[in-house]
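Okay, structure first, notes after.
The values are calculated or read from the model by the stated rules, or taken from the named source; none is laboratory data. A quick note: this is a predicted structure, and the numbers were derived from the prediction, not measured. Counting neighbours? That spans all protein chains shown, and the Cβs are built from the backbone with ideal geometry, glycine included. To get the accessible areas, we keep the full protein, side chains included, count just its heavy atoms, and leave off ligands, DNA and RNA. Shrake-Rupley method; radii C 1.70, N 1.55, O 1.52, S 1.80 Å.
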Amino acid sequence: MDVLVLGAGVSGHTAAAFLKRKLGKKHNVIVVSPGAYYQWIPSNIWVGVGRMTIDNVRFKLARIYRKWGIDFRQAKALSIHPEGDDSSSRGYVTIEYTSADQKGSNENVEYDYLVNATGPKLNFEKTPGLGPGNNTTVSVCSYDHAAHAWEELQKVIEKLKRGEKQKIVIGTGHAMATCQGAAFEYAMNISFELRKQKLLHLAEITWLTNEYEVGDFGMGGAFIKRGGYVTSTKIFAESVLAENNINWIKRAGVQKVDQGKIHYETLDGDYKTIEYDFAMLIPAFSGHGIGAFDRKGNDITSRLFAGNGLMLVDADYQTRPFEEWTIQDWPTTYQNPNYDNIYAAGIAFAPPHSISKPMKSRNGTDIFPTPPRTGMPSGVIGKVVAQNIAHRIRHQTDEHKHTASMGRMGAACIISVGYGIRKGMGATMTVSPIVQDWEKYPQWGRDLNATVGEIGLAGHWIKLFLHYMFLHKAKGYPFWWLLPE
Amino acid sequence: MENLNKIRGYKDEFYPPMPTKTTKHLRTNFLVQLYKFFRLNYKIMRIVIKGHS
């Protein structure tokens, strides 16, 4: 059997590693990824403030895959043909090589099982003027973007050292962007570094977000036990921002970026502008625009993908009002409903709806975060998809023995600043489940015993520990499979 | 904190709770943080194990 994995990020790499471990030499695992490197994305923040180099957060995939016996093709997927074509009924994916030696050449790669783990397309185009290379805004969504952000930040630091005041804007670059946690962490890191260099008084840092309340983080916020009260992450996040001398603008959907100016619309329907000298804004995410075709060459993209290019899975996509959403809407096996040998893992699967309540401005613009699926959920989903495919192959069954719903699994988000055993600080937040389960936890939506918010050195240690632990795991060092996702 | 805060009354950033000196000390106290390190790791591991079957 041939199992084809598209993508080698957190989810795809995890899926490929577990597939090979479970299937052994009897079956082939093929990985198609346009980049030559694996990157541990959460540590890109440290690259963005010069605490790490890009080689601290990435490694070449080819060597690891050769060691594991995985067939690696450095290429991007162009189209999926789940029914094959006139010459063969086996499904295949048309890929285009991106490696220097084969750049531009195409190939059809056949599969028996397909895992789509392509991650998100960083859709800078959805916000005119946004993105690296445009109007001096930067990104930390990939290691090269983060390295570029650090170059630009150093220019700002030089100006601050000369006594020039600088306006820094960090946040979401689209009305429906997600991944607020990463941007929030970057804002904290900039504040920490500037404070350390005694330059903070010259910088005006603003957190610009599409959240209804600060601390929503795309999951409708959370409630934590703190100081003898059950308090919301709104209070927690605002306290962290205020302590770090960061102002905030919430309920803002960025519409356009010009040189030195960010134009945004608020939920009130006002159109406003904020000036910047340095801005890091997370773009909208979408699928990669991979097409799908049936045996006769007819376009069947809508049978595999939702309108945003993310893959349809076993979620309940029926449109319902926010008040009627339940955790049963969320997928558990990530199997495509139309082709049972196709799965999506990580950010590549189409969520049934957001977690945060949808909000519309007076002008009809949707301004709210789409659901986050990065990090822990991506790894867990990748592993569960691999376990189920391996089980199906080994036992020749259609049974799915393993499940992972975002309405059941939790997640940890650690916002860490500084670097070192005694010189850092971390805000640790855990939630369980990620999607509120109002039936099981009618008052707060989540298990309060598993949902915590802590600030201290310990969070920074955990972040450091996780950096080395996850790279250990990703590189396949001894006992890697025992380490959690 | 540096002398940044000028007059912040009636602005959003004026109202959130701010850490006291004791809270800031506890955030960097090695023994307290060592305890929290293991406690948080335990909480995270519980979440991971419960999260998928």
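Things to note:
- Number of positions in segment A:441-462 that are free of Cβ contacts under 8 Å to residues at least 60 places away in the same chain and either in contact with a helix residue (DSSP H, G or I) (Cβ under 8 Å, 6 or more places away or on another chain) or open to solvent by less than 30 Å² (accessible area, probe 1.4 Å) (or both): 10
- Answer residue from segment A:98-141, given it is open to solvent by 20 Å² or more (accessible area, probe 1.4 Å) and hydroxyl-bearing (S, T, Y) and is nearest to A:T178 (Cα to Cα) among those: A:T118
- Qualifying residue in segment A:287-304 (condition: closer than 24 Å to A:P369 by Cα and in a strand (DSSP E or B)): no
- Among the residues listed as A:M469, A:M429, A:M406, the single one being of a type outside the set (D, E), surrounded by fewer than 20 Cβ atoms within 10 Å (Cβ to Cβ) and either under 20 Å from B:L31 (Cα atoms) or modelled with pLDDT of 90 or more (or both): A:M469
- Tabulated pairs, segment A:237-259, first within 12 Å of A:A187 (Cβ to Cβ), second among the aromatic types (F, W, Y), C-beta under 6 angstrom, 6+ apart or interchain: A:L241/A:W207; A:L241/A:W248; A:I246/A:W207; A:W248/A:W207
- Search result, residues across segment A:213-230 that are part of a strand (DSSP E or B) and either of a type outside the set (V, I, T) or under 23 Å from A:S354 (Cα atoms) (or both): A:F223, A:I224, A:K225, A:R226, A:Y229
- Count of segment A:249-275 residues, restricted to those that are open to solvent by less than 10 Å² (accessible area, probe 1.4 Å) and of a type outside the set (D, E, K, R), is 5.
- Index of the failed condition, A:N388 passing every other in (1) open to solvent by less than 20 Å² (accessible area, probe 1.4 Å); (2) assigned to a helix (DSSP H, G or I); (3) more than 13 Å from chain B (Cβ to nearest Cβ): (3)
- Failed item in (1) open to solvent by 40 Å² or more (accessible area, probe 1.4 Å); (2) assigned to a helix (DSSP H, G or I); (3) within 25 Å of A:H288 (Cα to Cα), with A:R63 passing the rest: (3)
- Qualifying position, being open to solvent by 80 Å² or more (accessible area, probe 1.4 Å) and either modelled with pLDDT under 95 or facing another protein chain (nearest Cβ under 7 Å) (or both), among B:R46, B:R39, B:R8: B:R46
- All positions within segment B:21-34 that are more than 8 Å from chain A (Cβ to nearest Cβ) and open to solvent by 80 Å² or more (accessible area, probe 1.4 Å): B:K21, B:T22, B:K24, B:H25, B:L31
- Only residues that are open to solvent by 40 Å² or more (accessible area, probe 1.4 Å) and within 19 Å of A:I434 (Cβ to Cβ) were counted in segment A:327-347, giving 2.
- Selection within segment A:190-213 - surrounded by fewer than 22 Cβ atoms within 10 Å (Cβ to Cβ), farther than 19 Å from A:K155 by Cβ and of a type in the set (D, E): A:E213
- Residue selection: A:I170 fails the criterion of being surrounded by 20 or more Cβ atoms within 10 Å (Cβ to Cβ), among the hydrophobic types (A, V, I, L, M, F, W, C) and within 12 Å of chain B (Cβ to nearest Cβ).
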